[in-house]
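Remarks on the structure that follows.
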Amino acid sequence: MGIERDAVRDDVLGLLKQLADDWEYDEPITEATGLLNDMAMESLDLVVFATSLQEHFQQEMAFTEFLTELGQRAETDTTAGEWVDFVYHELQRAGQAAL
Amino acid sequence: MTVKCLFIGLDGATFDVLDPLMARGAMPFLASVVERGGRAPLRSTIPALTPPAWTTLMTGRAPAAHGIFDFFRRESKESLQFSFLTSRDIGVETIWQRANRAGQRVTVLNFPLTFPAPPVDGYVVAGGWMPWRQLRSGCHPKTLYDELKRLPDFNPRTLAMDMSHEEKALEGCEQEDYEPWVALHIERERQWHGVARHLMTTDPTEMFALLMDGVDKLQHLCWRFIDPAMADQLTEPWEARVRDRCLDYFRTVDEIIADLAGLAGEEAMIVIASDHGFGPQVRTFFVNQWLAEAGYLAWTDKRQSATEATTLGIASLAKHTFQMDWTRTVAYAPMPSGNGIHLVRQDEAHPHGIPAEALAAVRQRIIEGLLAVRDPHTGEAVVDRVWTRAQLFAGPWEQIAPDLTLELSDGGLISIVAADAVVMPRPQPTGTHAPLGVLIAAGAGVQEGVTLPEKQIVDSASLLLYAVDAPIPADLEGELPTHLFSAAWLERNPPQQSDEVGVQPVATVEKEALFTEEEQSEMLRHLQALGYVE
Ligand SMILES: [Zn+2]
């Protein structure tokens, strides 16, 4: 059994796209898209999105460390690609074919 | 399908405000409901706070059983970190699930702790801190959001939480900010009305519940314009205008209830309840400052720079738990919302904490010290009562509950920031939570003009299940207020008991935090925006 990063990416970007459609954000969403600066999310949105991802993949993930790291570093944004990497890593770690 | 119970939640509603509004004709429909039905003061949970109180109403269980004490909960018994609570954290079954099991469908609109939206048979639109950009994820079933988007006036940005709106309340207090703030809440209730109206006309469910939370938000910020005793003393024209806008808000709420009651039909029982009451807060008690002066808490120098913007573009309100020097802090209040004090226990991670053998004595000294605090201006005691967690929260969640919970003598909420004095009078009284909320019911066997003595908020769950002909499970802690009903009605419709206990597995105490310090800071900012004394 294997978890394809491409499949995780499609899901994460797809979820973001679906949400972004609701607030008429028309730019394409790629791994380079910034959740805060490009998509204008707020940090409450990040936490809620983290909960939604766990719902979607039916998998508890260690978002604590991830979000803590985001909060502590110098950059003021987080890209969709980072979220894909994190979710992919967590799914692999859980050793579970959630897709 | 027909609606058997229309349940309207009014966050923070009190008869002290509603009675005068009904008397002066500002809420004619509510007055008619009271006239043809029954009423009782409804005692809130301790603490009288939105998340525990609504969760008690939604579960029929005390906070000790459901585990929701505040907006946040300590991650684990050793941790000094707090995580924001979601629907997954409620430790027992809700009446929505129980009604479903009895074959009754439910619509649950704008209740806190309903994100992620529970997969009930019916509809959910999550309330509380549901950011508008992700309202789609707060909807159940998944197709519901698209359905709502097609409504002609639907505007999620007004309906759900938008920080750019909420922050107006922070800057608030300028004359010109009051009216737009009230107008926003009028518009927000109209949005919820639109959602409710749509669902009730397209697919009415037996239980139909809508929470309107503008009552709480207006009363926090605009108490002196709403409290009849104070509103009569307003002299400035702008103050009179704000007062009028507040009355418009309550008129709007009345119209919404009237419209939904009309749609629900005459057969439906209408139940209106609040999670807690409201009253004036006359002073601020800086509890962490008191703890600092008494030697239980030490600040770091970090708090000097607390208002600087931090990473991720979040304006940090980092004046709180991470501003404390953990080598010298053994007692602290982390949240401005729950009136709770936590003690730091000695363990490997916290070598400077209180050793187990000293804990009881330290706790007792803190309790005695708190009860001795006086308002220097009036000489009054500031703290009425201090509860230990064993008294309030004995049960599966005890070890992560606050060690001490304060009831302040003016009913108010603590402030957790550093200050120059422990107690300060407030320049203008603001609104704050009070223990007695409201319970109103009419229709479906409720007798005309009954006034009952005080009921407990935990009783409302039994009433709501009875209203949809669902059995009242044995593990509910409240009692059905049978005196609301005529003897003949009760004979024809005897309350059914059931032996079942909730089947939802109890969430575990050890839980991973989802929130970083920065996010917690933003949450605290939200709390401020919601009117919690900071
Ligand atoms: Zn409330």
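Brief remarks follow.
- Scanning segment B:166-189 finds one or more residues that are within 13 Å of chain A (Cβ to nearest Cβ) and at pLDDT below 95.
- The one condition in (1) in a helix (DSSP H, G or I); (2) out of contact with any helix residue (DSSP H, G or I) (no Cβ under 8 Å at 6 or more places or on another chain); (3) closer than 29 Å to residue A:20 by Cβ that residue B:229 fails to fulfil: (3)
- Every condition in (1) free of Cβ contacts under 8 Å to residues at least 40 places away in the same chain; (2) within 22 Å of residue B:146 (Cα to Cα); (3) more than 13 Å from every other protein chain (Cβ to nearest Cβ) holds for residue A:24 except the one numbered (3).
- Selection count where residues are away from chain A (no Cβ under 14 Å) and not in a helix (DSSP H, G or I), scope segment B:86-111: 15
- Close pairs (8 angstrom Cβ cut-off, 6 or more residues apart or separate chains): farther than 22 Å from residue B:50 by Cα in segment B:213-234, aliphatic (A, V, I, L, M) and within 15 Å of the ligand (Cβ to nearest atom) anywhere: B:228/B:17
- Of the numbered criteria (1) open to solvent by less than 20 Å² (accessible area, probe 1.4 Å); (2) without any contact (Cβ under 8 Å) to a residue 60 or more places away in the chain; (3) in contact with a strand residue (DSSP E or B) (Cβ under 7 Å, 6 or more places away or on another chain), the one residue B:87 fails is (3).
- All of B:73, B:88, B:136 fail the test of being out of contact with any Leu (no Cβ under 8 Å at 6 or more places or on another chain), within 30 Å of residue A:67 (Cβ to Cβ) and away from the ligand (no atom under 15 Å from the Cβ), apart from B:88.
- Some residue of segment A:47-68 being at the interface with chain B (Cβ under 7 Å from one of its Cβ atoms), open to solvent by 30 Å² or more (accessible area, probe 1.4 Å) and among the polar types (S, T, N, Q): yes
- Selection over segment B:34-70 of residues that are closer than 15 Å to residue B:95 by Cα, away from the ligand (no atom under 14 Å from the Cβ), at pLDDT 95 or above and in a helix (DSSP H, G or I) gives a count of 1.
The values are calculated or read from the model by the stated rules, or taken from the named source; none is laboratory data. Remember, predicted model here, so these are calculated numbers, not experimental data. Backbone-built Cβ (ideal geometry, glycine too); neighbour counts: all protein chains shown. Heads up: the accessible areas ignore ligands, DNA and RNA and are worked out on the full protein's heavy atoms, side chains in. Shrake-Rupley method; radii C 1.70, N 1.55, O 1.52, S 1.80 Å.
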